[in-house]
Amino acid sequence: MSETKIDVTVERLERTASEARHPNTCPKCGSHYRDDELEATLYVCSHCGFHFRMPALARIAWLADPGSFQEEAAEVRSADPLHFFDLRPYRERLAEAELNTGLPEAIIVGSARLEGHRLELAVMDFSFLGGSMGSAVGEKFVRACDSALAAKLPLLLVSSSGGARMQEGILSLMQLPKTISALDELHEAGLPLLNVLTDPTTGGLMASVASLGDVTIAEPGALLAFTGPRVVQSIIKEKLPDDFGRSEQNLRFGQIDAILPRSEQRPYLARLLRLFGR
């Protein structure tokens, strides 16, 4: 009688002190920056071009003409409908995320101008619970669609998300059809959705509105996939290409329209708005 063997893989999630890396240290070349230095370069490494994750407020300040951004739906916050508790209560995690980021949620929406062109903005921030899409995120995106529809404006979505928010269970997954339905109304009115995909854009967001832009651009090296390479590789037991799920592979397969460094995105978006006649 043969013995049953169980293959167990132990993954250590906590880094030792020697492995810890300062958030302003470039993971690609090791260059270190002060906060003001990163802000001055649009959170891009000046030595190797690596794109750090850009805070939502900093991105809005860069994209929108000075003084033109008017936030909407700021009062929409996440609730705790399931009274979820893992290692800590969900409400505690929400409070901590708001304290650390200064944001009420993982997305900020509002109207703005970009080089004089009026548009609706929806910008996500990965630092708020991994940019996860819960009920509040879905509701704020829908309200952005409604505002764009009412004012007959294009909608610009800058995505950065790990997917659906597990603490809200099926209510989080329901945001996929909810946001897609709102986007359908926008498309039926002949109004465009412009997508800027940043690292990472995965899971439920990639399975919904992040894949439905009229024009979709991405930042270099961004992970754009429903499931990350580590999970896929563990399932299929095969080595994946080095750029699996990255912007470059998505461009080769025709899933995005262009890869643009951050400094080139604003003028490119302004040209698109001129082409769409806005």
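The values are calculated or read from the model by the stated rules, or taken from the named source; none is laboratory data. Note that the coordinates shown come from a computational prediction; the quantities given were computed from them, not determined experimentally. Glycine also receives a Cβ, built like all others from the backbone with ideal geometry; neighbour counts cover every protein chain displayed. Surface accessibility is based on the protein's heavy atoms, side chains included, excluding ligands, DNA and RNA. Shrake-Rupley method; radii C 1.70, N 1.55, O 1.52, S 1.80 Å.
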In region 32-113, the GluC sites (Glu not before Pro) that fall in loop regions by DSSP, at most 14 other Cβ within 10 Å:
Glu75
For region 159-164, just list the computed ³J(HN,Hα) in residue order, Karplus coefficients 6.51, -1.76 and 1.60, θ = phi - 60°, integers in Hz, with x standing in for Gly and Pro.
9, 7, 7, x, x, 5
Which whole number of Å³ per residue matches the convex hull of the alpha-carbon atoms in region 54-276?
127 Å³
Debye log10 I(q)/I(0) for region 65-150, one point scatterer per Cα, at q = 0.13, 0.18 Å⁻¹
-0.46, -0.78
Tabulate in residue order the Karplus-calculated ³J(HN,Hα) for region 43-55, using 6.51 cos²θ - 1.76 cosθ + 1.60 with θ = phi - 60°, rounded to whole Hz; enter x for Gly and Pro.
6, 10, 5, 6, 8, 10, x, 4, 9, 5, 6, 9, x
Taking region 54-276 and dividing mean pair separation by its residue count, relative contact order in percent (alpha carbons under 8 Å, at least six apart)
16 percent
1/(1 + (r/R0)^6) with r = Cβ-Cβ of Met166 and Gln70, R0 = 41 Å, i.e. FRET efficiency to nearest 0.05, evaluates to 0.80
Using heavy-atom solvent-accessible surface (probe 1.4 Å) with all chains present, what is the largest-first order of Phe141, Phe85, Phe50?
Phe85, Phe50, Phe141
For the chain, what is the number of Lys pairs with C-alpha distance below 23 angstrom, counting only pairs 8 or more positions apart or on separate chains?
5
Can you list the residues, at least 5 places off or on another chain, whose amide H is less than 5 Å from the amide H of Met133, using H built in the peptide plane?
Gly163, Ala164, Arg165
Once ligands and nucleic acids are excluded and a 1.4 Å probe is used, how much of Phe84 is accessible, expressed in Å² to the nearest 10?
60 Å²
Mean accessible area per residue over the chain (1.4 angstrom probe, all protein chains present, square angstrom) is 53 Å²
Counting only protein heavy atoms and using a 1.4 Å probe, what share of the accessible area of the chain belongs to carbon plus sulfur, as a whole percent?
55 percent
Where no second cysteine Cβ lies under 4.7 Å, the cysteines concerned in the chain
Cys145
Expected vector for region 200-210, Karplus 3J(HN,Hα) from phi with 6.51, -1.76, 1.60 and θ = phi - 60°, integer Hz, x for Gly and Pro, equals x, 10, 9, x, x, 5, 5, 7, 10, 5, 5
In the chain, with Lys and Arg counted as +1 and Asp and Glu as -1 at Cβ, which of these residues, Tyr90, Ser161, Gly213, has the Cα nearest the positive end of the dipole, that is, farthest along it?
Gly213
Counting only residues 5 or more apart in sequence or on a different chain, those whose built amide H sits under 5 Å from that of Ser160 are Met124
Dipole of region 30-158, Cα-centred, from +1 at each Lys and Arg C-beta and -1 at each Asp and Glu C-beta, to the nearest 20 debye?
260 debye
